[in-house]
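For reference, the structure is listed below as structure tokens.
The values are calculated or read from the model by the stated rules, or taken from the named source; none is laboratory data. Just so we're clear, the structure is a prediction, and the values are computed from it rather than from any experiment. Every residue, glycine among them, receives a Cβ derived from its backbone with ideal geometry; neighbour counts consider all protein chains shown. Remember, those area values only see protein heavy atoms, side chains included, never the ligands or the DNA or RNA. Shrake-Rupley method; radii C 1.70, N 1.55, O 1.52, S 1.80 Å.
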Amino acid sequence: MIKINIGCGRRNFGKDWIHIDGGDYPHLDYKDIFNLKFKDNTVDLIYASHVIEYFDRLEIKTLLSEWNRVLKPSGKIRIAVPNFKVLSKLYLDSKISLSQVLGPLYGRMSMDGKQIYHRTTYDFDDISAVLKSTGFNNIDYYDWQSTCHAKFDDHSQAYIPHMDKKNGILISLNVEGVKVEL
């Protein structure tokens, strides 16, 4: 089974995974997430946790189309992004402060000596439409606790209060789709 963790950052999921990220980490197999080094229809699972929000709406369709290219028919794409709807509701209900919204929605990290920021945000309907437009169907939420990557703590497991995975509110929108059959 070929499983790819795109945008893995410092997180090493082990030898059963292929790690792709634009950063500089010793466990990376590749650095280019736009031009995957795989033949068409060869990959079983693509997992991307808090990656696609760094790209604008024009770039994302190109990116997801490339990921679709390498997935096998019925292969899965699993994407996690900050959940705009949940974060907005928490803020409007005065459950969290503006400073607790800024990090997840606007993100900032250093890559190749410069700061990069989130360029967009999603809710379920919006990300579903983008996935459908790039060749995916059967789009639904996924429970991170029931995945093959559940033991690796990443942003798909982001909660308010921070790290309260038992009683907190999940602020990551975790969505899975299936590549349309040929």
Item checked: Area accessible to solvent at SER99, 1.4 Å probe radius, in Å² -> 90 Å²
Margin query: So, R0 is 35 Å and r is the distance between the beta-carbons of LYS114 and SER65; what FRET efficiency does that work out to, to 0.05?
Written below: 0.85
Notebook entry, point to check: Which of these, LYS151, LYS166, LYS72, has the largest mean-square fluctuation under a Gaussian network model of the chain (Cα springs below 10 Å)?
Noted result: LYS166
Next item on the list: Go ahead and set up a Gaussian network model of the chain, Cα springs under 10 Å, then flag whichever of LYS31, LYS15, LYS85 fluctuates most.
Entry: LYS15
Next item on the list: Kindly report, to the nearest 10 Å², the accessible surface of HIS155 as traced by a 1.4 Å probe over protein heavy atoms only.
Entry: 90 Å²
Check: Quick one: if you stick a label point 7 Å off each Cα along the C-beta vector at TYR141 and ASP93, how many nm between them?
Finding: 1.3 nm
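Pick out the long, greasy-scoring helices in the chain: whole DSSP H runs spanning 20 Å or more along their own axis by Cα, mean Kyte-Doolittle at least 0.0.
Flagged H segments: there are none.
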Margin query: Between ARG57 and LYS15, what's the calculated FRET efficiency when r is the beta-carbon distance and R0 is 30 Å? Round to 0.05.
Written below: 0.25
Notebook entry, point to check: Helix-derived [θ] at 222 nm for the chain: sum -39500 (n - 2.57) over DSSP H runs of at least 4, divide by residue count, nearest 500?
Noted result: -7000 deg cm²/dmol
